[in-house]
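Please read the structure below before turning to the comments.
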Amino acid sequence: MTKMYVGNLPFSMDESAVRALFEKHGPVQSVALINDRDTGRPRGFGFVEMASADAARAMQALNGHDVEGRVLKVNEAQERTGGGGGGGGGGGGGAVLNKEQPATLKPRTRAMAIRPRERFASLAIMGEPIYSKVGRSGN
C-alpha cells in the first residue's frame, strides 16, 4: 500500500471527486482531504492510499495534470520529521535559524486599546519582524 500526497487541489473538489480521479488508475483504499482547523475550509491538499503498482501509475499520470485550471502535484507521501507545529515559547535571544540570518529577540512595549503596556517579543526572521505576546500584561 502506498500513501500519496496530492497538492494544489481545487478548493471545490471533495473526497468523492478525488476518489473518482484516482480510481481511473486502480482501486483507492482511502482519501483524506485536509481542512483548516479554524475555518473548516479545504486547504488544497490531501492524501490518497492505493496499492503500490496502481499508485505508481496514478503518480505518473496525474502529477502535473490540470484540474479546473490548477496543476496537481502528486508524489509519494513523506513521513513527518520533527514534531508538529505550535508550541515554542521562552528562550532568549540570538537563536540562529540558519547560519546566514540569525534570529533576534527584542522585548517591546506596545500600546493596546484594552490592555496598555502588554509586553511583546519581536522575532525577526529573514528581516521580517514577527510579534508575539510574552509574559503578563502590565496592568
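In order along the stretch 49-59, the phi-based Karplus estimate (6.51 cos²θ - 1.76 cosθ + 1.60, θ = phi - 60°) of 3J(HN,Hα) comes to 10, 9, 4, 4, 5, 5, 5, 4, 5, 5, 4 Hz; Gly and Pro are listed as x.
Values of log10 I(q)/I(0) for the stretch 14-83 across q = 0.12, 0.18, 0.23, 0.28 Å⁻¹ run -0.34, -0.74, -1.12, -1.41, by the Debye formula with one identical scatterer at each alpha carbon and no solvent.
Modelled this way, with points 7 Å down the Cα-to-C-beta line, the labels at residue 52 and residue 34 are 2.5 nm from one another. Length available on full extension from residue 5 to residue 79: 0.36 nm per residue minus the Cα-Cα distance, which gives 25.6 nm. A simple spin-label model places the labels of residue 16 and residue 67 1.5 nm from each other, with each point 7 Å out along Cα-to-Cβ.
Values quoted throughout were computed directly from the atomic coordinates according to the rules given, and no laboratory measurement underlies them. What you see is a predicted model; the values in this text were computed from it and never measured. Note: ideal-geometry Cβ built from the backbone for every residue, glycine included; neighbour counts use all protein chains shown.
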